[in-house]
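Have a look at the structure that comes next, please.
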Amino acid sequence: MSERGDHPLPAWFAEVLAGGPEIADEDFVGTDLRELSLRRLRFTRCRFDEASLDELSTEACSFTDCSFDRAELNGSSHLRTAFVACSFDRTRFNGASLIECKLTGSVFADAPLRSATVAGGDWTAVSLGGADLRELDFSDVKLVDANLTGAKLDRCVLRRADLRGLRWGQASLRDADLRGAMIEGLDPRIVDLTGARVEVEQALAFAQYLGVRIG
């Protein structure tokens, strides 16, 4: 299903959708798809590079092995949508929201997310190496096996997040909130945790890495 507010859908796009909810191997490079509302559509191996997708709204959609390189997703909103093994290279997300979304295996490169809103979801094996994620709220997000090497996570909220297997070497988590997060296997010696908030059990787990003897 697709709508576009008060504006008619482009005829060519309506024709693509007429074939059913499964859209594969389509080229949407550089197209204007602003303000579209997409629901329960499945895109596979489609290219949205350099497309104008500002204020795009998706609900229960899936994008698998799609690329959004240099696309504009400013003000877009995504509810329970899956972006699996997708590419976001220099994609703009100003004011975007990702609510209960699945981003498993997707790669973000120089894609600013600081002004985005994240609520829950599965970010397993996502690549965010070197990303500026300061002040984002990742509460309850599953970040298992994600790559956050060198990322800036200062003042981030990671409460109850699943961080098992996370790669975070040289990351900065100054003043981050890790209370309730699952941190098994996270080595505090390779990150900056200055001012980070943790629970007693987490502090004890970190102490083991530091060779601290308690009691």
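Residue farthest toward the positive end of the dipole of the chain, with Cβ of Lys/Arg at +1 and Asp/Glu at -1: which of Phe28, Leu136, Ala116?
Leu136
Turning to a different aspect of this structure: If you project the alpha carbons of region 112-215 onto their three principal axes, what span does each projection cover, largest first, in Å?
Its Cα atoms span 44, 23, 22 Å along the three principal axes.
Now for a different question. Nearest 500 deg cm²/dmol is fine: what mean residue ellipticity at 222 nm does the chain get from its DSSP H runs of n ≥ 4 alone, each adding -39,500 (n - 2.57), divided by its residue count? Walk me through the intermediate numbers first.
Details: 2 runs with 18 residues, N = 215.
The helix contribution divided over the chain gives -2500 deg cm²/dmol.
Considering Cα pairs under 8 angstrom that are at least six residues apart, work out the relative contact order of the chain and quote it in whole percent.
Over the chain, the number comes to 9 percent.
On to the next question. Residue by residue through region 166-175, which ³J(HN,Hα) values in whole Hz follow from phi under the Karplus form 6.51 cos²θ - 1.76 cosθ + 1.60 (θ = phi - 60°), with glycine and proline marked x?
With coefficients 6.51, -1.76 and 1.60, one gets 5, 9, 9, x, 6, 6, 10, 10, 4, 6 Hz.
Once you sort the root eigenvalues of the Cα gyration tensor of the chain as a ≥ b ≥ c, which label holds: rounded (a/c under 1.5), prolate (a/b larger than b/c) or oblate (the other case)?
Verdict is prolate for the chain.
Counting only heavy atoms of protein chains, what accessible area per residue, in Å², does region 38-139 have with a probe of 1.4 Å? List each step's numbers first, then the result.
Numbers: 3890 Å² over 102 residues.
Spelled out: the 1.4 Å probe surface of region 38-139, per residue, equals 38 Å².
So how strong a dipole does region 11-145 carry about its Cα centre when Lys and Arg Cβ are +1 and Asp and Glu Cβ are -1, to the nearest 20 debye?
Working: 14 positive and 24 negative charges, 55 e Å.
The dipole of region 11-145 has a size of about 260 debye.
What fraction of the DSSP beta bridges in the chain is antiparallel, stated in percent and rounded to the nearest 5?
Given both bridge residues lie in the chain, the antiparallel proportion sits at roughly 5 percent.
Taking the Cα atoms only, what angle lies between the long axis of helix 200-210 and the longest principal axis of the chain, rounded to 10 degrees?
Approximately 70 degrees, to the nearest ten.
Given points 7 Å out from each Cα along the Cα-Cβ axis, report the Arg90 to Arg164 separation in nanometres with one decimal.
It is 3.9 nm.
The values are calculated or read from the model by the stated rules, or taken from the named source; none is laboratory data. Quick caveat: nothing in here was measured; it's all calculated off a predicted structure. Backbone-built Cβ (ideal geometry, glycine too); neighbour counts: all protein chains shown. Side chains included, ligands, DNA and RNA excluded: accessible areas come from the protein's heavy atoms. Shrake-Rupley method; radii C 1.70, N 1.55, O 1.52, S 1.80 Å.
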